[in-house]
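S.K.: Here it is: the structure, laid out below.
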Amino acid sequence: MSDIAVYGAGGRAGRAVTAEARARGHRVTAVVRDPARHGDLEADGVRVVRGDVTDRSTTAAIVRGHDAVVHAVSPFTGPEQGFADLDPEFFVTAADALLDGMAAAGVPRLVAIGLFANLKDASGRPVMDDPAAFPPEIRPFAAAHTAGLDRLRERDGTVDWLMLTPPARLEQAERTGRYAVGGEAAPAPDAHLSYADLAVAIVDEIETPRHHRTRVSVAGR
């Protein structure tokens, strides 16, 4: 049994990870911006706490005593927000806060959820650089996500991190327990994955780490 802190536990991916981890018998700390909005997360083996993934002053205290941390946070707090409100440094700040806090607390494993837009297309360029395949108005969000990945890559520390990147079609669908892990290449355009199976892949990587200090794609199969 492991103790897992899930940042962004109130979102679709975070809820799926929390449910998968609990189904396997792990203890979960659900880290959310406003615990009063997520009382439904509280259950046997789940503790709900207030936390901000970009606040390095609180990270060590929140994650201390855990075996792994999951980063499933969106920078947006609600549908009323748009890309114009995006802090371009959000994912960089989050990476620094998590890596510093986890190192200080002695937590060894970080699994973050990536964005398909910075996977490589058939020509070897990021999907986000092709305006025919990726809407230009969303590019600032993709660039911010990419900056966070770059920060993870450039940091030299004790935390063993992994970024799992799902395809564009990330769906609310049944858990199959099956998925395929790739590399830097984007999966086929018709590739899809359920949030439940993304959670399976994340918890698998916590229970039995197979990829270290890298980014890989994950899709359904």
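S.K.: Report yes if some residue within the range 126-141 is touching a residue at least 24 places away in the same chain (Cβ under 8 Å) and under 24 Å from Ala16 (Cα atoms); otherwise report no.
M.R.: yes
S.K.: May I pose another question? Of the residues Asp100, Asp121, Asp87, only one is at pLDDT below 95, of a type outside the set (Ser, Thr, Tyr) and under 30 Å from Arg64 (Cβ atoms); which?
M.R.: Asp87
S.K.: In addition: If only one of Gly25, Gly65, Gly8 is at positive phi and touching a Ser or Thr at 6+ places or on another chain (Cβ under 8 Å), which one is it?
M.R.: Answer to the check: Gly8.
S.K.: Give all pairs with beta carbons closer than 8 Å in which a residue from the range 160-186 that is under 30 Å from Ala104 (Cβ atoms) meets a residue that is among the acidic types (Asp, Glu) and part of a loop (DSSP other than H, G, I, E, B); count only pairs at least 6 apart in sequence or on separate chains.
M.R.: Every condition considered, no pair remains.
S.K.: Then there is this: Mind checking which helices (runs of 4 or more DSSP H) fall wholly inside the range 1-110 and carry at least 2 residues that are among the aromatic types (Phe, Trp, Tyr)?
M.R.: Passing ranges, in order: 90-105.
S.K.: Follow-up question, since we're still on this one. Restricting the first residue to the range 59-76 and requiring it to be at pLDDT 95 or above, which pairs with a second residue that is hydroxyl-bearing (Ser, Thr, Tyr) and assigned to a loop (DSSP other than H, G, I, E, B) meet a Cβ separation below 9 Å and a spacing of at least six or different chains?
M.R.: Close Cβ pairs satisfying both conditions: His66/Ser2; Asp67/Ser2; Ala68/Ser2; Val73/Thr54.
S.K.: Looking at Asp130, is it modelled with pLDDT of 95 or more and at negative phi?
M.R.: When the stated conditions are applied, Asp130 does not pass them.
S.K.: Right, next: Given the residues Ala196, Ala132, which is the only one that is aliphatic (A, V, I, L, M) and loosely packed, with under 14 Cβ neighbours inside 10 Å?
M.R.: Every option except Ala132 fails the conditions.
S.K.: In the range 20-46, what residues are of a type in the set (A, V, I, L, M) and free of Cβ contacts under 8 Å to residues at least 12 places away in the same chain?
M.R.: Listed by number, the residues that qualify are Ala23, Ala36.
S.K.: When you look at Ala188, is it open to solvent by 40 Å² or more (accessible area, probe 1.4 Å) and at pLDDT below 95, yes or no?
M.R.: So Ala188 passes the test.
S.K.: From (1) open to solvent by 30 Å² or more (accessible area, probe 1.4 Å); (2) within 19 Å of Glu171 (Cα to Cα); (3) not acidic (Asp, Glu), pick out the condition that doesn't hold for Ala13.
M.R.: (1)
S.K.: Tell me, which residue of the range 98-108 that is surrounded by fewer than 22 Cβ atoms within 10 Å (Cβ to Cβ) and in contact with a helix residue (DSSP H, G or I) (Cβ under 6 Å, 6 or more places away or on another chain) is nearest to Asp55 (Cα to Cα)?
M.R.: Asp100
The values are calculated or read from the model by the stated rules, or taken from the named source; none is laboratory data. Please read all numbers here as calculations on a predicted model, not as lab measurements. Glycine also receives a Cβ, built like all others from the backbone with ideal geometry; neighbour counts cover every protein chain displayed. The area values use the complete protein model at the heavy-atom level, side chains included, leaving out ligands, DNA and RNA. Shrake-Rupley method; radii C 1.70, N 1.55, O 1.52, S 1.80 Å.
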